[in-house]
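Note sheet for the following structure.
The values are calculated or read from the model by the stated rules, or taken from the named source; none is laboratory data. All values derive from a computational prediction rather than experimental measurement. Here the Cβ is made from the backbone with ideal geometry for all residues, glycine too, and neighbour counts use every protein chain on show.
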Amino acid sequence: MADASAALEREGLARGAIGLFYVLTTYAGDVFYGPGKFATFGQLNGGSPWIGMARDVWGIGIGLPLGLPFRAGDHRDLVPDRPRGPDLPVRPAPRAAAQDAAGVFRRHGTDGGRLDGRPGGSVMAQEGFIEVPGGRVWYRSLGEGGTPLLCLHGGPGFTHYYLEPLEALADRRQVIFYDQLGCGRSDRPDDVSLWTVDRFVEELAQVRTALGLSRLHLFGSSWGGMLAMQYTLDRRPELESLILCGSPASMIRWVKDCDELLAAQPAEVRRTIREHEEAGFTACPEYQAAILGFYREHVCRLTPWPAGLERSFAEAGYQVYTTMNGPSEFTVTGTLKTWDIMDRLPEIQVPTLLVGGRYDECRPGHLEEMHRRIAGSRLVIIEDASHLCFAEQPEEFTGLMNSFLDSRDAG
(Lines give C-alpha, C1' and ligand atoms only; values in the text may rest on other atoms or scores of the structure.)
Protein backbone atom coordinates (compact mmCIF):
# COMPACT_ATOMS: atom_id res chain seq x y z
CA MET A 1 0.00 0.00 0.00
CA ALA A 2 2.85 2.37 0.82
CA ASP A 3 4.36 1.85 -2.63
CA ALA A 4 0.98 2.41 -4.30
CA SER A 5 0.39 5.59 -2.31
CA ALA A 6 3.84 6.88 -3.20
CA ALA A 7 3.21 6.14 -6.88
CA LEU A 8 -0.09 8.00 -6.79
CA GLU A 9 1.58 10.93 -5.08
CA ARG A 10 4.32 11.04 -7.72
CA GLU A 11 1.76 10.89 -10.50
CA GLY A 12 -0.25 13.69 -8.91
CA LEU A 13 2.84 15.84 -8.67
CA ALA A 14 3.72 15.04 -12.28
CA ARG A 15 0.26 15.95 -13.53
CA GLY A 16 0.32 19.21 -11.63
CA ALA A 17 3.81 20.08 -12.81
CA ILE A 18 3.02 19.40 -16.45
CA GLY A 19 -0.26 21.30 -16.23
CA LEU A 20 1.76 24.24 -14.90
CA PHE A 21 4.28 23.72 -17.73
CA TYR A 22 1.48 23.98 -20.30
CA VAL A 23 0.22 27.25 -18.83
CA LEU A 24 3.68 28.78 -18.46
CA THR A 25 4.94 27.84 -21.91
CA THR A 26 1.80 29.18 -23.55
CA TYR A 27 2.10 32.41 -21.55
CA ALA A 28 5.83 32.74 -22.29
CA GLY A 29 5.20 32.08 -25.95
CA ASP A 30 2.59 34.84 -26.04
CA VAL A 31 5.09 37.22 -24.43
CA PHE A 32 7.92 36.43 -26.87
CA TYR A 33 6.06 35.80 -30.12
CA GLY A 34 2.59 37.34 -29.75
CA PRO A 35 -0.80 36.01 -28.61
CA GLY A 36 -1.83 32.70 -30.13
CA LYS A 37 1.39 32.10 -32.07
CA PHE A 38 2.65 29.63 -29.49
CA ALA A 39 -0.43 27.41 -29.46
CA THR A 40 1.04 24.49 -31.39
CA PHE A 41 4.00 24.09 -29.02
CA GLY A 42 1.73 24.48 -26.02
CA GLN A 43 -0.44 21.69 -27.40
CA LEU A 44 2.51 19.41 -27.97
CA ASN A 45 1.58 17.44 -24.86
CA GLY A 46 4.81 15.61 -24.34
CA GLY A 47 6.85 17.14 -27.12
CA SER A 48 9.36 19.11 -25.07
CA PRO A 49 12.63 18.11 -23.49
CA TRP A 50 11.15 19.03 -20.09
CA ILE A 51 8.30 16.53 -20.38
CA GLY A 52 10.63 13.82 -21.66
CA MET A 53 12.94 14.44 -18.72
CA ALA A 54 10.02 14.42 -16.30
CA ARG A 55 8.91 11.06 -17.62
CA ASP A 56 12.43 9.67 -17.19
CA VAL A 57 12.74 11.06 -13.64
CA TRP A 58 9.38 9.85 -12.34
CA GLY A 59 9.32 6.68 -14.41
CA ILE A 60 5.53 6.78 -14.86
CA GLY A 61 2.97 7.32 -17.59
CA ILE A 62 2.17 10.99 -17.08
CA GLY A 63 -1.33 12.40 -17.49
CA LEU A 64 -1.00 15.25 -19.97
CA PRO A 65 -2.84 18.55 -20.37
CA LEU A 66 -6.06 18.75 -22.38
CA GLY A 67 -6.99 15.25 -21.21
CA LEU A 68 -4.92 13.49 -23.87
CA PRO A 69 -3.55 10.10 -22.75
CA PHE A 70 0.17 9.44 -22.66
CA ARG A 71 1.18 6.09 -24.13
CA ALA A 72 4.86 5.27 -24.21
CA GLY A 73 4.42 2.89 -27.13
CA ASP A 74 2.47 4.94 -29.66
CA HIS A 75 1.82 8.62 -30.34
CA ARG A 76 0.28 8.30 -33.79
CA ASP A 77 -2.95 9.99 -32.69
CA LEU A 78 -1.43 12.31 -30.08
CA VAL A 79 -2.34 15.35 -32.16
CA PRO A 80 -4.23 15.90 -35.41
CA ASP A 81 -1.95 15.11 -38.32
CA ARG A 82 -1.39 17.22 -41.40
CA PRO A 83 -3.19 15.95 -44.52
CA ARG A 84 -1.14 13.18 -46.09
CA GLY A 85 -1.46 9.73 -47.60
CA PRO A 86 -3.14 6.91 -45.68
CA ASP A 87 -1.11 5.72 -42.72
CA LEU A 88 0.27 2.25 -42.27
CA PRO A 89 -0.60 0.75 -38.88
CA VAL A 90 2.16 -0.14 -36.46
CA ARG A 91 1.59 -3.18 -34.30
CA PRO A 92 3.54 -4.15 -31.16
CA ALA A 93 6.49 -6.32 -32.09
CA PRO A 94 6.87 -9.67 -30.34
CA ARG A 95 9.33 -10.30 -27.53
CA ALA A 96 10.24 -13.85 -28.54
CA ALA A 97 12.66 -14.92 -31.27
CA ALA A 98 11.24 -15.85 -34.64
CA GLN A 99 12.40 -16.56 -38.18
CA ASP A 100 16.03 -17.28 -38.94
CA ALA A 101 18.54 -14.50 -38.20
CA ALA A 102 20.23 -14.57 -34.82
CA GLY A 103 19.30 -11.66 -32.60
CA VAL A 104 16.32 -10.63 -34.75
CA PHE A 105 12.80 -10.60 -33.33
CA ARG A 106 10.31 -10.18 -36.16
CA ARG A 107 6.68 -9.69 -36.98
CA HIS A 108 5.22 -9.58 -40.46
CA GLY A 109 2.13 -7.75 -41.58
CA THR A 110 -1.14 -9.69 -41.50
CA ASP A 111 -3.06 -10.94 -44.56
CA GLY A 112 -0.13 -12.76 -46.06
CA GLY A 113 2.38 -10.18 -44.92
CA ARG A 114 0.81 -7.24 -46.73
CA LEU A 115 -0.75 -4.12 -45.31
CA ASP A 116 -3.10 -1.93 -47.33
CA GLY A 117 -2.68 1.81 -47.17
CA ARG A 118 -1.06 3.21 -50.31
CA PRO A 119 -2.58 4.35 -53.57
CA GLY A 120 -2.45 1.68 -56.23
CA GLY A 121 -2.08 -1.32 -53.97
CA SER A 122 -0.58 -2.57 -50.75
CA VAL A 123 2.90 -2.35 -49.27
CA MET A 124 4.79 -5.05 -47.44
CA ALA A 125 5.44 -4.19 -43.79
CA GLN A 126 7.56 -5.91 -41.19
CA GLU A 127 8.84 -4.86 -37.79
CA GLY A 128 10.72 -6.28 -34.84
CA PHE A 129 13.75 -5.99 -32.59
CA ILE A 130 17.46 -6.49 -33.20
CA GLU A 131 20.09 -7.16 -30.55
CA VAL A 132 22.86 -4.53 -30.53
CA PRO A 133 25.52 -3.52 -28.00
CA GLY A 134 23.65 -2.28 -24.92
CA GLY A 135 20.17 -3.62 -25.69
CA ARG A 136 17.68 -4.03 -28.51
CA VAL A 137 16.64 -1.62 -31.24
CA TRP A 138 13.23 -1.60 -32.91
CA TYR A 139 13.00 -1.53 -36.70
CA ARG A 140 10.27 -1.18 -39.30
CA SER A 141 10.56 -2.23 -42.94
CA LEU A 142 8.16 -1.14 -45.68
CA GLY A 143 7.93 -2.18 -49.31
CA GLU A 144 9.88 -4.77 -51.24
CA GLY A 145 12.09 -5.09 -54.28
CA GLY A 146 14.80 -2.77 -55.50
CA THR A 147 17.89 -1.91 -53.52
CA PRO A 148 16.92 -1.32 -49.86
CA LEU A 149 17.10 2.19 -48.38
CA LEU A 150 18.13 2.29 -44.70
CA CYS A 151 17.12 5.55 -42.99
CA LEU A 152 18.98 6.98 -39.99
CA HIS A 153 17.18 9.52 -37.82
CA GLY A 154 18.72 12.54 -36.15
CA GLY A 155 19.14 13.76 -32.61
CA PRO A 156 21.02 11.90 -31.38
CA GLY A 157 18.02 10.26 -29.74
CA PHE A 158 15.21 11.74 -31.84
CA THR A 159 13.37 8.60 -33.15
CA HIS A 160 12.23 7.64 -36.65
CA TYR A 161 8.75 9.19 -36.47
CA TYR A 162 9.64 12.55 -38.05
CA LEU A 163 11.00 10.67 -41.08
CA GLU A 164 7.54 9.34 -41.97
CA PRO A 165 7.41 11.32 -45.26
CA LEU A 166 10.10 8.92 -46.53
CA GLU A 167 7.53 6.11 -46.42
CA ALA A 168 6.40 7.42 -49.83
CA LEU A 169 9.58 5.89 -51.27
CA ALA A 170 8.39 2.37 -50.37
CA ASP A 171 6.29 2.03 -53.52
CA ARG A 172 9.51 1.34 -55.48
CA ARG A 173 11.84 -0.30 -52.98
CA GLN A 174 12.27 -1.59 -49.44
CA VAL A 175 12.58 1.28 -46.96
CA ILE A 176 13.81 0.54 -43.44
CA PHE A 177 13.67 2.70 -40.31
CA TYR A 178 14.96 1.96 -36.85
CA ASP A 179 14.99 3.79 -33.54
CA GLN A 180 18.56 4.03 -32.33
CA LEU A 181 19.22 2.70 -28.85
CA GLY A 182 17.96 4.98 -26.10
CA CYS A 183 14.88 6.40 -27.82
CA GLY A 184 11.49 5.62 -29.31
CA ARG A 185 10.50 1.94 -29.25
CA SER A 186 14.04 0.71 -28.66
CA ASP A 187 15.48 -0.13 -25.27
CA ARG A 188 16.49 2.80 -23.04
CA PRO A 189 19.39 1.63 -20.87
CA ASP A 190 20.35 4.09 -18.14
CA ASP A 191 24.05 4.10 -18.98
CA VAL A 192 25.69 7.24 -20.38
CA SER A 193 28.80 5.26 -21.33
CA LEU A 194 26.77 3.83 -24.24
CA TRP A 195 26.25 7.19 -25.94
CA THR A 196 29.34 7.34 -28.13
CA VAL A 197 29.80 7.70 -31.87
CA ASP A 198 31.76 4.43 -32.02
CA ARG A 199 28.96 2.46 -30.34
CA PHE A 200 26.34 3.91 -32.72
CA VAL A 201 28.57 2.98 -35.67
CA GLU A 202 28.74 -0.59 -34.39
CA GLU A 203 24.96 -0.56 -33.83
CA LEU A 204 24.43 0.45 -37.46
CA ALA A 205 26.77 -2.30 -38.65
CA GLN A 206 24.89 -4.91 -36.60
CA VAL A 207 21.48 -3.73 -37.82
CA ARG A 208 22.70 -4.08 -41.39
CA THR A 209 24.06 -7.57 -40.76
CA ALA A 210 20.95 -8.76 -38.92
CA LEU A 211 18.68 -7.62 -41.75
CA GLY A 212 20.92 -9.12 -44.42
CA LEU A 213 21.42 -5.86 -46.31
CA SER A 214 24.27 -6.81 -48.61
CA ARG A 215 23.26 -4.07 -51.08
CA LEU A 216 22.17 -0.79 -49.57
CA HIS A 217 21.40 2.88 -50.06
CA LEU A 218 22.12 4.74 -46.80
CA PHE A 219 20.12 7.86 -45.86
CA GLY A 220 20.89 10.07 -42.88
CA SER A 221 19.04 13.10 -41.54
CA SER A 222 21.04 15.55 -39.42
CA TRP A 223 22.88 13.42 -36.81
CA GLY A 224 21.86 10.40 -38.89
CA GLY A 225 24.01 11.70 -41.75
CA MET A 226 26.89 12.32 -39.35
CA LEU A 227 26.58 8.69 -38.27
CA ALA A 228 26.42 7.56 -41.90
CA MET A 229 29.60 9.47 -42.76
CA GLN A 230 31.45 8.11 -39.74
CA TYR A 231 30.34 4.58 -40.64
CA THR A 232 31.50 5.09 -44.23
CA LEU A 233 34.89 6.46 -43.21
CA ASP A 234 35.61 3.97 -40.41
CA ARG A 235 34.22 0.74 -41.88
CA ARG A 236 34.63 1.33 -45.64
CA PRO A 237 31.36 -0.57 -46.28
CA GLU A 238 29.94 -1.50 -49.65
CA LEU A 239 27.21 1.08 -50.37
CA GLU A 240 25.24 1.83 -53.50
CA SER A 241 24.87 5.46 -52.43
CA LEU A 242 24.96 7.87 -49.51
CA ILE A 243 22.27 10.54 -48.99
CA LEU A 244 23.01 13.28 -46.44
CA CYS A 245 20.08 15.52 -45.53
CA GLY A 246 20.91 18.59 -43.43
CA SER A 247 23.92 16.77 -42.01
CA PRO A 248 27.02 18.72 -40.96
CA ALA A 249 30.59 17.52 -41.29
CA SER A 250 31.79 19.82 -38.51
CA MET A 251 30.00 20.59 -35.26
CA ILE A 252 32.41 23.47 -34.73
CA ARG A 253 31.15 25.11 -37.91
CA TRP A 254 27.54 24.10 -37.07
CA VAL A 255 27.74 26.03 -33.78
CA LYS A 256 29.26 29.06 -35.51
CA ASP A 257 26.52 29.05 -38.14
CA CYS A 258 23.80 28.62 -35.52
CA ASP A 259 25.21 31.53 -33.52
CA GLU A 260 24.78 33.71 -36.60
CA LEU A 261 21.20 32.52 -37.10
CA LEU A 262 20.42 33.02 -33.42
CA ALA A 263 21.65 36.61 -33.65
CA ALA A 264 18.64 37.37 -35.84
CA GLN A 265 16.24 36.46 -33.01
CA PRO A 266 14.72 39.27 -30.89
CA ALA A 267 17.03 40.69 -28.21
CA GLU A 268 14.71 39.61 -25.39
CA VAL A 269 14.71 36.05 -26.71
CA ARG A 270 18.51 35.98 -26.89
CA ARG A 271 18.78 37.36 -23.37
CA THR A 272 16.40 34.73 -22.00
CA ILE A 273 18.30 31.94 -23.73
CA ARG A 274 21.68 33.22 -22.54
CA GLU A 275 20.60 33.71 -18.91
CA HIS A 276 18.94 30.31 -18.67
CA GLU A 277 21.90 28.51 -20.23
CA GLU A 278 24.35 30.26 -17.93
CA ALA A 279 22.24 29.27 -14.91
CA GLY A 280 21.73 25.71 -16.17
CA PHE A 281 17.94 26.16 -16.29
CA THR A 282 17.40 24.82 -19.80
CA ALA A 283 14.46 22.64 -18.72
CA CYS A 284 12.55 25.78 -17.67
CA PRO A 285 9.36 26.55 -19.64
CA GLU A 286 10.59 30.09 -20.30
CA TYR A 287 13.71 28.71 -22.01
CA GLN A 288 11.66 26.24 -24.03
CA ALA A 289 9.42 29.09 -25.19
CA ALA A 290 12.41 31.23 -26.15
CA ILE A 291 14.03 28.62 -28.41
CA LEU A 292 10.83 27.97 -30.36
CA GLY A 293 11.33 30.89 -32.75
CA PHE A 294 14.67 29.44 -33.91
CA TYR A 295 13.09 26.00 -34.36
CA ARG A 296 10.20 27.39 -36.38
CA GLU A 297 12.55 29.22 -38.75
CA HIS A 298 15.38 26.71 -39.12
CA VAL A 299 14.12 23.25 -38.09
CA CYS A 300 10.53 23.04 -39.38
CA ARG A 301 8.60 25.90 -40.96
CA LEU A 302 5.25 24.09 -41.22
CA THR A 303 2.22 25.21 -39.23
CA PRO A 304 1.12 23.10 -37.51
CA TRP A 305 4.10 20.84 -37.09
CA PRO A 306 3.63 17.31 -38.50
CA ALA A 307 2.41 14.76 -35.98
CA GLY A 308 5.51 12.66 -36.67
CA LEU A 309 7.75 15.51 -35.53
CA GLU A 310 5.72 16.02 -32.37
CA ARG A 311 5.84 12.27 -31.67
CA SER A 312 9.62 12.39 -32.06
CA PHE A 313 9.79 15.11 -29.41
CA ALA A 314 7.48 13.06 -27.18
CA GLU A 315 9.48 9.81 -27.45
CA ALA A 316 12.98 11.24 -27.78
CA GLY A 317 15.81 9.93 -25.65
CA TYR A 318 16.91 13.05 -23.83
CA GLN A 319 19.71 11.32 -21.95
CA VAL A 320 21.27 10.53 -25.33
CA TYR A 321 20.62 14.02 -26.70
CA THR A 322 21.94 15.98 -23.74
CA THR A 323 24.97 13.71 -23.33
CA MET A 324 26.07 13.94 -26.94
CA ASN A 325 24.62 17.27 -28.09
CA GLY A 326 23.40 19.53 -25.28
CA PRO A 327 20.26 21.44 -24.27
CA SER A 328 19.27 22.68 -27.75
CA GLU A 329 20.11 22.57 -31.44
CA PHE A 330 22.31 25.66 -31.23
CA THR A 331 23.95 25.11 -27.84
CA VAL A 332 26.27 22.12 -28.19
CA THR A 333 27.92 21.23 -24.89
CA GLY A 334 28.01 17.43 -25.21
CA THR A 335 30.57 14.99 -26.51
CA LEU A 336 29.90 15.95 -30.14
CA LYS A 337 30.97 19.57 -29.66
CA THR A 338 34.41 18.96 -31.22
CA TRP A 339 33.30 16.32 -33.77
CA ASP A 340 34.75 17.29 -37.15
CA ILE A 341 35.41 15.12 -40.20
CA MET A 342 35.54 17.90 -42.80
CA ASP A 343 39.15 17.15 -43.70
CA ARG A 344 38.35 13.43 -44.16
CA LEU A 345 35.52 13.95 -46.65
CA PRO A 346 37.77 13.36 -49.70
CA GLU A 347 38.10 9.77 -48.44
CA ILE A 348 34.41 9.13 -49.21
CA GLN A 349 34.28 7.27 -52.52
CA VAL A 350 30.55 6.47 -52.46
CA PRO A 351 28.13 8.24 -54.85
CA THR A 352 26.73 10.96 -52.57
CA LEU A 353 23.72 13.27 -52.64
CA LEU A 354 23.71 16.24 -50.27
CA VAL A 355 20.34 17.90 -49.61
CA GLY A 356 19.32 20.81 -47.42
CA GLY A 357 16.75 23.55 -47.09
CA ARG A 358 17.41 27.19 -47.89
CA TYR A 359 16.76 28.11 -44.23
CA ASP A 360 18.33 24.97 -42.75
CA GLU A 361 20.28 25.23 -39.51
CA CYS A 362 22.86 23.19 -41.42
CA ARG A 363 23.39 26.16 -43.69
CA PRO A 364 23.82 25.91 -47.47
CA GLY A 365 27.38 27.20 -47.21
CA HIS A 366 28.28 24.26 -44.97
CA LEU A 367 26.80 21.78 -47.45
CA GLU A 368 28.56 23.53 -50.34
CA GLU A 369 31.93 23.01 -48.66
CA MET A 370 31.11 19.34 -48.11
CA HIS A 371 30.08 19.05 -51.77
CA ARG A 372 33.45 20.44 -52.89
CA ARG A 373 35.31 17.89 -50.79
CA ILE A 374 33.33 14.75 -51.78
CA ALA A 375 34.36 13.92 -55.33
CA GLY A 376 31.47 13.43 -57.74
CA SER A 377 28.83 14.40 -55.18
CA ARG A 378 25.61 16.21 -56.02
CA LEU A 379 24.19 19.12 -54.00
CA VAL A 380 20.54 20.23 -53.99
CA ILE A 381 19.19 23.14 -51.91
CA ILE A 382 15.39 23.07 -51.60
CA GLU A 383 13.76 26.49 -51.53
CA ASP A 384 11.21 27.52 -48.91
CA ALA A 385 12.40 24.74 -46.61
CA SER A 386 14.62 24.21 -43.58
CA HIS A 387 16.04 21.24 -41.66
CA LEU A 388 13.00 19.04 -42.34
CA CYS A 389 12.88 19.79 -46.07
CA PHE A 390 11.43 16.32 -46.78
CA ALA A 391 8.37 17.22 -44.68
CA GLU A 392 8.09 20.82 -45.87
CA GLN A 393 8.41 20.05 -49.60
CA PRO A 394 7.52 16.33 -49.80
CA GLU A 395 6.73 16.10 -53.51
CA GLU A 396 9.97 17.77 -54.55
CA PHE A 397 11.99 15.72 -52.08
CA THR A 398 10.38 12.40 -53.05
CA GLY A 399 10.95 13.11 -56.74
CA LEU A 400 14.58 14.00 -56.08
CA MET A 401 15.17 10.84 -54.05
CA ASN A 402 13.50 8.52 -56.55
CA SER A 403 15.45 10.06 -59.42
CA PHE A 404 18.78 9.74 -57.61
CA LEU A 405 18.16 6.21 -56.30
CA ASP A 406 16.85 4.97 -59.66
CA SER A 407 19.90 6.36 -61.44
CA ARG A 408 22.22 4.57 -59.03
CA ASP A 409 20.32 1.29 -59.36
CA ALA A 410 20.52 1.59 -63.14
CA GLY A 411 24.32 1.80 -62.85
Regarding region 347-355, can at least one residue be identified that is under 18 Å from the mean Cα position of the chain (by Cα) and part of a loop (DSSP other than H, G, I, E, B)?
no
Considering region 206-246 alone, what residues qualify as being assigned to a loop (DSSP other than H, G, I, E, B) and over 25 Å from Gly365 (Cα atoms)?
Leu211, Gly212, Leu213, Ser214, Arg215, Leu216, Arg236, Pro237, Glu238, Leu239, Glu240
Residue set Ser222, Ser186; condition under 16 Å from the mean Cα position of the chain (by Cα), polar (S, T, N, Q) and on the phi > 0 side of the Ramachandran plot; output residue Ser222
Expected output for region 251-272 (first residue among the aromatic types (Phe, Trp, Tyr), partner outside any loop (DSSP other than H, G, I, E, B), Cβ below 9 Å, 6+ apart or cross-chain) is Trp254/His366
Between residues in region 392-411 that are outside any helix (DSSP H, G or I) and residues that are crowded, with 18+ Cβ neighbours inside 10 Å and at pLDDT 95 or above, which pairs lie under 7 Å by C-beta distance while being six or more apart or on different chains?
Gln393/Ile382; Gln393/Ala385
Only one residue in Ala279, Ala228 is free of Cβ contacts under 8 Å to residues at least 40 places away in the same chain and either touching a strand residue (DSSP E or B) at 6+ places or on another chain (Cβ under 8 Å) or not assigned by TED's automatic domain parsing to the domain that holds Val197 (or both), so which one is that?
Ala279
Only one of Asp191, Asp171 is under 28 Å from Thr331 (Cβ atoms) and in the same structural domain as Ser221 (by TED's automatic domain parsing), namely Asp191
Going by what's in this entry, would Arg296 be described as without any contact (Cβ under 8 Å) to a residue 12 or more places away in the chain and under 25 Å from Tyr162 (Cβ atoms)?
yes
Gly376 under 27 Å from Leu169 (Cβ atoms), assigned to a loop (DSSP other than H, G, I, E, B), without any contact (Cβ under 8 Å) to a residue 24 or more places away in the chain and over 22 Å from the mean Cα position of the chain (by Cα):
no
Failed condition for Met226, given (1) in contact with a Pro (Cβ under 9 Å, 6 or more places away or on another chain); (2) farther than 20 Å from Asn325 by Cβ, with all others met?
(2)
Please tell me if Phe330 is within 23 Å of Leu166 (Cβ to Cβ) and not assigned by TED's automatic domain parsing to the domain that holds Gln180.
no
Tyr359 assigned to a helix (DSSP H, G or I) and surrounded by 18 or more Cβ atoms within 10 Å (Cβ to Cβ):
no
